[in-house]
Amino acid sequence: MKILLTGMTGILGSHLISSLLLHHEVYALVRNVKQRFDKFFGFGVPPDHLFEGDLEKENLGLSDSSLSILKSVDIDMVLHCASAVKFDDKYYKRTWNINKGGTERIINLSKTLNIPDLHFISTAYAPFQRNPYEISKSAAEKLVMNSGLTYNIYRLGVIVGERKSCAINGFNGFYGYAMVPYFIAKSLRQRKKISNPVKLPISVPCSSTSTINIVPVDWVVSQLLSLIGLGTFGEIYYITHPAPPLTSWVLKLIFDYMNINGINYFDCSSSLPIKKDNGTGYLQKLFDKQTRIFLPYLTQEEMFDVSSTVRRLGMEYEAPEEITEQWIHDLLDFATKQNFGRRMNTTKTTEPMAI
Ligand SMILES: NC(=O)c1ccc[n+]([C@@H]2O[C@H](COP(=O)([O-])OP(=O)(O)OC[C@H]3O[C@@H](n4cnc5c(N)ncnc54)[C@H](OP(=O)(O)O)[C@@H]3O)[C@@H](O)[C@H]2O)c1
């Protein structure tokens, strides 16, 4: 099949592309094609299948010649994976323009090019609409549903590294939270010239009953490819873990892995605002500021209904493996060896990335 892909350079897209190329002819819309040509070449997409395109621009910034080439190709489906993946209110306008506006432009392009099927990558958290990201993804889903095109919507859990190698091409979501204590502890160790362990006297809010839906990127890719291969049915498919671990268990593993002690985990099952009696010191403020956007994901219970995915895939459905302590450890090993994608000598708790 001929597929027009967006978001090829992102975490999911860069893991998807090699599997897609095994069975399909892929055309991709990407930003700054010329500057990033070497990287794209490494992905194995033929250079004449790459088109400069920006979701924020009118007509996606596609030139007339690109449009007529794409029209002549007879593409079978769009796989719209590109997205702004930031939770923070300060990015509201941009997030809205990329996620909702960009999806509208993708729908218009599909109609102009007579591409029948639209496969839309969304998040399992879209229905909650708790931040600009979820609100814009939910609005984009509605556009897809009302587009008049035949479609599937895929609601994904929190993407983490591959099951065996733990490899991943970027660090947001789960890693965005984990990197906060990592960089705080790294900075303390360097400044105070202390070795392990580090005492971090802070309070960490977390519901004792909620779960965190982490899913290995290679499993997500395999489930997506199987579903895409079956066609479009106007359905929503959750690609989430049917038995996710408790958030409190994962958080403790993160702090233990970082060799950080002194944490006061307090049970908190509501969303913002959270009232605390203690922890007004500098480290608490720094930690709160850096982790604020993740609070709803740590304190609210979410379970997702995978029945449509299981039913549609039938014998092809493959449940993800159980999440073990060793695997969380290995995921963190991979991320810390890469300094969470930051320059190696940095200890700054840079702005975290979302899901
Ligand atoms: N990561 C997760 O845990 C997670 C969980 C649930 C759902 N999802 C969904 O999965 C999809 C992929 O997410 P991801 O984690 O791979 O995100 P990512 O790593 O941030 O990648 C985002 C992709 O979108 C592209 N993009 C952003 N703005 C664009 C624009 N204006 N024009 C054209 N392309 C643009 C980026 O291109 P550049 O390289 O040019 O920036 C990049 O290829 C998204 O739809 C997201 O909502 C992700």
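Quick notes
- Sparsely packed chymotrypsin sites (Phe, Trp or Tyr not before Pro) within the stretch 177-241, loop by DSSP, other Cβ within 10 Å at most 14: Phe233
- Cα-based helix-to-principal-axis angle, 64-73 vs the chain, degrees rounded to 10: 80 degrees
- The trypsin sites (Lys or Arg not before Pro) of the stretch 102-201 that meet both conditions, a loop assignment by DSSP and at most 13 other Cβ atoms within 10 Å of the site Cβ, are Lys164, Lys192, Lys193.
- Cα long-axis angle, helix 132-145 against the chain (0 to 90 degrees, to the nearest 10): 30 degrees
- About the centre of its Cα atoms, the chain shows a dipole size close to 1700 debye [charges on the beta carbon of Lys, Arg (+1) and Asp, Glu (-1) only; nearest 20 debye].
- The long axis of helix 217-230 is offset from the longest Cα principal axis of the chain by roughly 30 degrees.
- Members of Lys34/Lys337; Lys86/Lys186; Lys186/Lys289; Lys289/Lys337; Lys2/Lys111 lying beyond 22 Å, as alpha-carbon distances in this model show: Lys34/Lys337; Lys86/Lys186; Lys289/Lys337
- Each principal axis of the Cα cloud of the stretch 2-156 was evaluated for its coordinate range; sorted largest first, these ranges are 40, 33, 29 Å.
- Candidates Leu149, Leu22, Leu200: whichever shows maximal mean-square fluctuation once the chain is modelled as a Gaussian network with Cα springs under 10 Å: Leu22
- Over the chain, the alpha carbon radius of gyration divided by the compact-protein estimate 2.2 N^0.38 Å works out to 1.02.
No value in this document is a laboratory result; all are computed from the given coordinates. Please read all numbers here as calculations on a predicted model, not as lab measurements. Quick reminder, even Gly has a Cβ in these numbers, built from the backbone with ideal geometry, and neighbours come from all protein chains shown.
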